[in-house]
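The values are calculated or read from the model by the stated rules, or taken from the named source; none is laboratory data. Given the structure is predicted, the values throughout are model-derived calculations rather than measurements. Here Cβ is always computed from backbone atoms with ideal geometry, including for glycine, and neighbour counts include all displayed protein chains.
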Amino acid sequence: MNKFILAGVTAAFMMCVANDSQAQTKLSRNEIINSLQGAQSKVDINPDQIQKAALENIKKYPGANSPKNLPLAEKLATLRQFNIEITFHFDSATIAPESYEAVGLIADALHTPYLQGQTFVIVGHTDAKGARDYNLDLSIKRAEAVRDALATTFRVPARYLYSVGLGEEQLRDPANPDAAVNRRVQLINLGYK
């Protein structure tokens, strides 16, 4: 892996299974494929439900931080997925140039026969700095930016890509809500349509 990737992109992958074990590895096309392939043939969750859960969580638990995980968190954890840090310009949904290589690797993986024809939801997450409503809106815009880059720049068929934002509603490190590890993009395989 070249120095540009190591300096410009900090990648953390998580393949969730029923026991919530985590495996971290360097960013590579094959690791993305391995993390995402083998999805269930029928998933009874859709992107609208995920987005609605975040909005309802903010309404139900107003204030600085949510005391509860999203109701869908356990169900989402059973799906094939990975997390990656995509860098954006400050307070913006503009993908930083150093992250386009990572987005390109995601696209390469999605173009392989192992993943073609499957549906993916791109989930944007933020840390807990700032207002929860604002963070939710920013995460939605950032997930849309990654989806748009995959569909336009990298020609992944848009009909298989959905985007949602969860803001700070599903922190990766709840003990450190402002930590950088919470700012990430998650790709979840929803299987075949």
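General observations
- Candidates in segment 90-144 are the residues that are of a type in the set (D, E), in a helix (DSSP H, G or I) and closer than 23 Å to L72 by Cβ; of these, the one that is farthest from the chain's Cα centre (by Cα) is D133.
- So I106, is it under 19 Å from R184 (Cα atoms), touching a strand residue (DSSP E or B) at 6+ places or on another chain (Cβ under 6 Å), in contact (Cβ under 8 Å) with a residue 12 or more places away in the chain and among the β-branched types (V, I, T): no
- Selection status of N34, in a helix (DSSP H, G or I), at pLDDT 90 or above and either touching a Lys or Arg at 6+ places or on another chain (Cβ under 7 Å) or surrounded by 15 or more Cβ atoms within 10 Å (Cβ to Cβ) (or both): yes
- Taking the criterion of being of a type outside the set (A, V, I, L, M), in contact (Cβ under 8 Å) with a residue 12 or more places away in the chain and not in a loop (DSSP other than H, G, I, E, B), the residues of segment 148-193 that qualify are T153, Y160, Y162, S163, G165, G167, N182, R184, Q186, N189, G191, Y192.
- Looking only at segment 8-31, and only at residues there that are in contact with a helix residue (DSSP H, G or I) (Cβ under 7 Å, 6 or more places away or on another chain) and among the charged types (D, E, K, R), the one that is modelled with the lowest pLDDT: D20
- Criterion violated by V156 - all others in (1) over 14 Å from the mean Cα position of the chain (by Cα); (2) modelled with pLDDT under 95 satisfied: (2)
- Residues of segment 109-155 classified as within 30 Å of N65 (Cβ to Cβ) and aromatic (F, W, Y), total: 2
- Those residues of segment 109-120 which are surrounded by 17 or more Cβ atoms within 10 Å (Cβ to Cβ) and either without any contact (Cβ under 8 Å) to a residue 24 or more places away in the chain or in contact with a Gly (Cβ under 9 Å, 6 or more places away or on another chain) (or both), in sequence order: Q118, T119
- Residue match in segment 73-87 (condition: in a loop (DSSP other than H, G, I, E, B), of a type in the set (S, T, Y) and either out of contact with any strand residue (DSSP E or B) (no Cβ under 7 Å at 6 or more places or on another chain) or modelled with pLDDT under 85 (or both)): yes
- Residue satisfying all of: in segment 131-165; in contact with a strand residue (DSSP E or B) (Cβ under 9 Å, 6 or more places away or on another chain) and surrounded by fewer than 15 Cβ atoms within 10 Å (Cβ to Cβ); farthest from D44 (Cα to Cα) among these: Y134
- Residue check for D137: of a type outside the set (G, A, S) and closer than 13 Å to S92 by Cβ: yes
- Scope segment 166-181; condition surrounded by 21 or more Cβ atoms within 10 Å (Cβ to Cβ) and not charged (D, E, K, R); matching residues: L166, G167, Q170, L171
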